[in-house]
Amino acid sequence: MIFLALRYLVARRRQTLLTLLGIFFGTVAFISISGIMLGFREYIVGQLVSNSAHVHIRAREEFLLDHTLDQAFFGQQFMHVFWDPAPSGRKDSAMVANPQSWYRRLAADFRVAAYTPQLTASVIFSNGKATAPAVLIGCDPLQQRQVTTIGDYVIEGSFANLAAGGNRLAVGDDLKKKLGVRLFQNVLVSLANGQPAPFKVVAIFKTGVQVADSQAYGALGDVQRVNRTPNQVNEIAVKLHDYTQALGLAKAWSALGSETVESWDQINANIFNIFKIQDAIRFLSVGAVMVVAGFGIYNVLTMTVMQKRKDVAILRSMGYSAKDIVLLFFVQGLILGLSGATLGLLFGYALGLYLETIPFSGGPLGSGTGHMLISRNADIYIQAAFLAIASASIASILPALSAGRLTPIEIIRAGAE
Amino acid sequence: MGIVVTGVGKEIGDPPTRILSDIAFRIDDGEFVALTGRSGSGKSTLLYILSSLDRASSGLVHIDGFDVNHTKAETLSHFRNQHMGFVFQFHYLIAELTAFENVLFPARKTGAERTQSAYAEALLGRFGLGDKMQRLPRQLSGGEQQRVAIARALVMKPKYLFADEPTGSLDSVSGEQVMDIIRDCNTQLGTTVIMVTHDPDFARQARRQIHLADGKIVSAA
Ligand SMILES: Nc1ncnc2c1ncn2[C@@H]1O[C@H](COP(=O)(O)OP(=O)(O)OP(=O)(O)O)[C@@H](O)[C@H]1O
Ligand SMILES: [Mg+2]
C-alpha cells in the first residue's frame, strides 16, 4: 500500500508540497522557538547552578502569631487566652544555632562538594569622604571559591588573599567605584553605631550582576569581629557534586535542625514559574501551527478519498481488505508528517546554527556569551517530531477510516450511472 | 465445486425495494455463463452477489463450498485476491500506475509481484500490448485500457472471472477483441466465466444464458 500511497503523493506534487510545508513550518517554528527559550533557560540555570551555592542553610525566621506565646506565659492554665493587643512581630534568631554540628554533618556527606559558613553583615564603608552602605559577607575564602564562582570574576588582585586574615576585603566593581578605592588601599568598615575598623582591599571582582557587584567579601573571623558576633554565622552555603539532588537533600536536612534549608531551585521558584508560562506559550503557539497544518492534511486527504473512490472499489474487488484501504490513505498522511518533520528538524537545526552567530548582548546578563544561545536539547527535537507526526496522524486517521467504510458495491453502482 | 445459489433475494434502500427474488441455480467449474436481461432487471446486482462483493438479503450463496454469509470479510478478501478476477464496464485502472503496474497490482497484496511479473508481461503481450506496458492509462485507448483491465483480472490465474458488461463502453472492433480474450480464457485456461451483457451476439458465445426480468430468472438455458 505504501507503494501506491507514494504514487498518489507524487502524482499531485504541488498539493503534497503545500501540505508538507505546513508541517515543515510547524516543526521549524517549534525547534527555533524552543531553542531560543531553552537556550536562554539553560544559560540562566547554568548561571544559577554554577555561580552560587546549591543548598543554603539559614537561621529560621519565625513570625509571632496571636497564640504563639500562650504556652510560654500560661502553660495549660487556660483553655483560651484573650490578648489585648495580641502579640505580633518576629522571633529573631538570625544566627545558625549549632553550626559545628552542621559542619560535621556536611563534612561527612559524600554528596557535598564544598561548604562555607557565612556571616552577612550590613555595614558602612567609607574612604575619606565617600561612604557607602553595603553588604559585607564573611566567609571561608578558600571554600567560598569552590562553593561559588566568585573567584573567576576577580579582575584585580586575588580572592585567596583574603584567607591570610587581618582585615582584608574583596570588593565588587560597583562598590569600588562608589568608594573610589584602588587595590591595596584601606577603607573603613563600621556598623551603624560602632567603631570603624580599617580593611585593606586585596581583590576586586566584577560579575556583571549589579547586586553582586555592590557587595564585599571578607574572612569570616574578621567580619565576626566587626559585627561583634564572634563565632556566629547566619548561613552555611553548600555546593553539591550533583545539583539535581539539591531539592531532596534540602528537604531531608530541614527535618534535622531548626534552620531553614533551601535548595537553589526553591529560592529561585519565581524563575521556574516564568519557565512554566514560557512552556505554555511555546506549546500553544506551535500547537496552533500544527492544528492548521493538520487541517491541511485533513482537507487534502478527504478530497483524495473522494477522488479515488473508484480506486477503492477496484482495490476491494481485487481482494484488498478494508484495513488495506485505511492504510492506503493513512500512510499518505503519515508520509507527509514524517517528511515534513524530517525536513523541519534538519532545517530547524541549521537555523539554530545560524541564529547562534547573531550578536546579542543580553541586557542584564551583560556577562553573557555575546551571541544568541540556542539549545540543542534532544528533547526539543523529539517533541517536535512527536507533535508533527501526531498532528499528521490525527488528521489522516479520519479520512482514512471513512475510506475504509466505503463499500465497493456502492461505488461501482454510483460509477455506472 | 462451483457457485451454488438457493433462494436468493435482494432488497435495497429505505423503504426497501425488491431487486431480486427467488434466484436459484448452480454454476459448475469451467462454465461460461452469460447473465442477460433488460436494463434494470438486476443483472449487476446478481453478479456482485455471486462474487461476494455484495450480500444477499435472503437465501444462500456457496462459493467453492463455503457459505458467503458466514465467512469473515478477511477470508473473502483473500479468496477474491487468489481466485477471482473482475472486469467492469468502466475499466477502473489506477491512473497513477503504468499498464504493467496495474496488471501486477493484485499480486502485491501477498507480495507475489516478483513471481507473477513474467506472467503479467506474457498476458499483456498476448493482448497486443507488449510495447505499451510502461504507458499510463491515459496514454491508452479505451479498448486498450479494457484489455489491461482483463489482464489484471487474470494475473492471479483466477478460478472465476466476473465481467459486468466488459464491452459496454467499447466500439464493435474492440468489443470483439475483448470477447475473444474472455472466450479464450474460458476454453484455454479453464476459467469459470460469468458475464453480464446486453449484446445478444456476445451472449450467444456463452455456453449458457441466464435471462433475468424484474429480478427473477425467466429462462436458464
Ligand atoms: N441504491 C439503490 N437503491 C434503490 N434501487 C436501486 C439501487 N441500486 C440499484 N437499484 C435498482 O435495482 C435494480 C437492478 O439494478 P442493476 O444495476 O442490478 O440492474 P442491471 O440489470 O445491471 O441494469 P443495467 O443493464 O442498466 O446495468 C434497478 O431497477 C435499479 O434501479
Ligand atoms: Mg448493470
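Coordinate-derived values only; no laboratory data. No experiment lies behind these values; they were computed from the predicted model shown. A quick note on method: Cβ atoms are made from the backbone with ideal geometry, for glycine too, and the neighbour counts reach across all protein chains shown.
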For this session: Report the full-extension gain for the segment residue A:65 to residue A:182: residue separation times 0.36 nm, less the Cα-Cα distance, to one decimal in nm.
Result: 37.2 nm
Exercise. What distance in nm separates the simple spin-label points at residue A:280 and residue A:82, each placed 7 Å from Cα in the Cβ direction?
Worked result: 4.7 nm
Seminar exercise, completed: Rounded to the nearest 5, the percent of antiparallel DSSP beta bridges in the protein assembly as shown equals 70 percent
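Tell me what chain B gives for mean residue ellipticity at 222 nm when only DSSP H runs of n ≥ 4 count, each as -39,500 (n - 2.57), the sum divided by the residue total, rounded to 500 deg cm²/dmol.
Only helices count here, giving -11000 deg cm²/dmol.
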Problem set entry | chain B: angle of helix B:172-189 to the longest principal axis, Cα-based, in degrees nearest 10 | 80 degrees
For this session: Choose one of A:38, A:28, A:74: the residue whose Cα lies farthest towards the positive end of the charge dipole of the stretch A:1-80 (beta-carbon charges +1 Lys, Arg; -1 Asp, Glu; about the Cα centre).
Result: A:28
Exercise. With labels modelled as points extended 7 Å from the Cα through the Cβ direction, what inter-label distance (nm, one decimal) is found for residue B:60 paired with residue B:189?
Worked result: 3.1 nm
Problem set entry | Magnitude of the charge dipole, the stretch A:260-387, Cβ model with Lys/Arg +1 and Asp/Glu -1, debye to 20 | 740 debye
For this session: With a point put 7 Å past each Cα toward its Cβ, work out how far residue B:131 is from residue A:295 in nm, to one decimal.
Result: 5.4 nm
Seminar exercise, completed: The helix B:73-83 Cα axis meets the longest alpha-carbon principal axis of chain B at an angle in degrees, between 0 and 90 and rounded to 10, of 60 degrees
For this session: With θ set to phi - 60°, apply the Karplus curve 6.51 cos²θ - 1.76 cosθ + 1.60 along the stretch B:24-29 and write out the HN-Hα couplings as whole Hz, x wherever there is a Gly or Pro.
Result: 8, 6, 9, 10, 8, 4
Exercise. Once the piece of chain linking residue A:164 and residue A:110 is laid out straight, how much longer is it, given 0.36 nm per residue of separation minus the C-alpha distance between them?
Worked result: 16.6 nm
Problem set entry | Helical mean residue ellipticity (222 nm; -39500 (n - 2.57) per DSSP H run of 4+; nearest 500) of chain A | -17500 deg cm²/dmol
Seminar exercise, completed: The ³J(HN,Hα) series, computed from each phi in the stretch A:204-218 with the Karplus coefficients 6.51, -1.76 and 1.60 at θ = phi - 60°, rounded to the nearest Hz and given as x for glycine or proline, is 10, 10, 9, 9, x, 9, 4, 4, 5, 6, 9, 9, 9, 10, x
For this session: Determine the shape class of the stretch B:109-201: with a ≥ b ≥ c the square roots of the Cα gyration tensor eigenvalues, call it rounded for a/c under 1.5, and otherwise prolate if a/b is greater than b/c, oblate otherwise.
Result: oblate
For this session: Could you tell me how many degrees, from 0 to 90 and to the nearest 10, lie between the Cα long axis of helix A:13-51 and the main elongation axis, the longest principal axis, of the Cα atoms of chain A?
Result: 10 degrees
Exercise. Under the Karplus relation 6.51 cos²θ - 1.76 cosθ + 1.60, θ = phi - 60°, what is the ordered set of whole-Hz ³J(HN,Hα) values for the stretch A:305-322, x standing for Gly and Pro?
Worked result: 4, 4, 5, 9, 4, 5, 4, 4, 4, 5, 5, 5, 5, 8, x, 7, 8, 4
Seminar exercise, completed: The answer for residue A:371, listing residues at least 5 apart or on another chain whose modeled amide H is closer than 5 Å to its amide H, is A:360
Exercise. Based on Cβ point charges of +1 for Lys and Arg and -1 for Asp and Glu, what charge dipole magnitude is obtained for the stretch B:100-144 about its Cα centre, in debye rounded to the nearest 20?
Worked result: 120 debye
Exercise. Taking the Cα centre of the stretch B:16-82 as the origin and placing charges on Cβ (Lys, Arg +1; Asp, Glu -1), which of B:81, B:19, B:34 is farthest toward the positive end of the dipole?
Worked result: B:19
Exercise. For the stretch A:193-291, with the dipole built from +1 on Lys and Arg beta-carbon atoms and -1 on Asp and Glu ones, taken about the Cα centre, which of A:197, A:268, A:232 lies farthest toward the positive end?
Worked result: A:197
Exercise. How long is the gain from residue A:74 to residue A:17 if the chain were fully straight, where each residue apart is worth 0.36 nm and the alpha carbon distance is subtracted?
Worked result: 12.2 nm
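How many partner chain Cβ atoms sit within 10 Å of a residue's Cβ in peptide A:308-317, on average, as a whole number?
Per residue, the average neighbour count from other chains is 6.
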